[in-house]
1. Which value in nm describes the separation of the simple spin-label points at GLU34 and GLU150, placed 7 Å from the Cα toward the beta carbon?
2. Quick query: amide H of ARG79 versus all other amide H atoms, modeled in the peptide plane; which residues come in under 5 Å with a sequence gap of 5 or more or a different chain?
3. Could you compute the net charge surrounding GLU159? Neighbours are other residues with a C-beta less than 13 Å from the C-beta of GLU159; K and R count +1, D and E count -1.
4. What distance in nm lies between label points placed 7 Å from Cα along the C-beta direction at LEU74 and GLU141?
5. What number, in percent, do you get for the relative contact order of the chain if the mean sequence gap of Cα pairs under 8 Å and at least 6 apart is divided by its residue count?
6. Below 14 angstrom from the Cβ of ILE22, what's the summed charge of the other residues (Lys, Arg +1; Asp, Glu -1)?
7. Suppose every Lys and Arg Cβ carries +1 and every Asp and Glu Cβ carries -1, with no other charges. What dipole size does the chain come out with about its Cα centre, to the nearest 20 debye?
8. So what's the net charge close to TYR38: Lys and Arg +1, Asp and Glu -1, counting the other residues with Cβ under 10 Å from its Cβ?
Amino acid sequence: MKIRIGICDDSDHDRHYLKSIIKNYFKGREIEPEIVEYGSGEEFFRKPDVEILFLDIEMNALDGIMVKNELQKLQAETRIVFTTSHNDLMRDAFGKQVFGFLVKRVSPKEVEKYLNAILKDLEEENCVLIKGAEKETFVKEKQILYIKAETKYCDIILENQDSMFSDKSIGEWAEELEERGFFLCHRSYLVNLYHLKKIEDDILLSNGEKIPVSRRLKTKVKEAYREYIRKKVK
């Protein structure tokens, strides 16, 4: 499993030092970090798709606070850890998805503390890792409406109507997700039971979209949904 981690800092030395700490943290772990370096806030926004961002507050032009504010406007799920040389700058660095602050020179133990907290948060949020042709990213289970099989790949359809490419087969997705509230309702469709609204000739989803259900599986879908609800209210 991979996770994308960004380091945004205009100091080459500070970026490389923090990168070495992060790489050491993940040695021997099942998660493989893909660490992306940015020399400025402007450079970050050219490719901002990271799950975790170590963000220097003091940068020219677009500083760390501005980057954080822009991410909040975009409703990004990026987890942020600020880095700074001055404690007094922390007063403006609070907000959604901010996990904490590292004072330079950064302590490996502090980095470990924040990475532990963020990885736990991602796990508790029931995120799904989607591996595509060019990138891998975490998506919340609840954001997925359904997964549709194509010829040699799958489309992950999200509740905002975006779709993501996945090189996994529908069978592989079913094996991974059926214990997490998904059901293979048709040979080409894996539905997220969280979004199921009604079952008739088709399955009606929470956004009003309909997807097919195999006639022979209709009863099993209903049973799976009842079991899903039962587990939720336990």
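Here, each number is a calculation from the coordinates, and none is a lab measurement. Owing to the predicted nature of the structure, the values given are computational and were not obtained by experimental measurement. Every residue, glycine as well, gets a Cβ built from its backbone with ideal geometry; the counts of neighbours run over all protein chains shown.
1. 1.8 nm
2. ILE52, LEU53
3. Numbers: positive: LYS140, LYS142, LYS197; negative: GLU141, ASP162, GLU209.
The answer is 0.
4. For LEU74 paired with GLU141, the spin-label model returns 2.8 nm.
5. 11 percent
6. Every neighbour counted, the sum reads +2.
7. Using only the charged Cβ atoms, the result is roughly 1200 debye.
8. Cβ neighbours under 10 Å give a net charge of -3.
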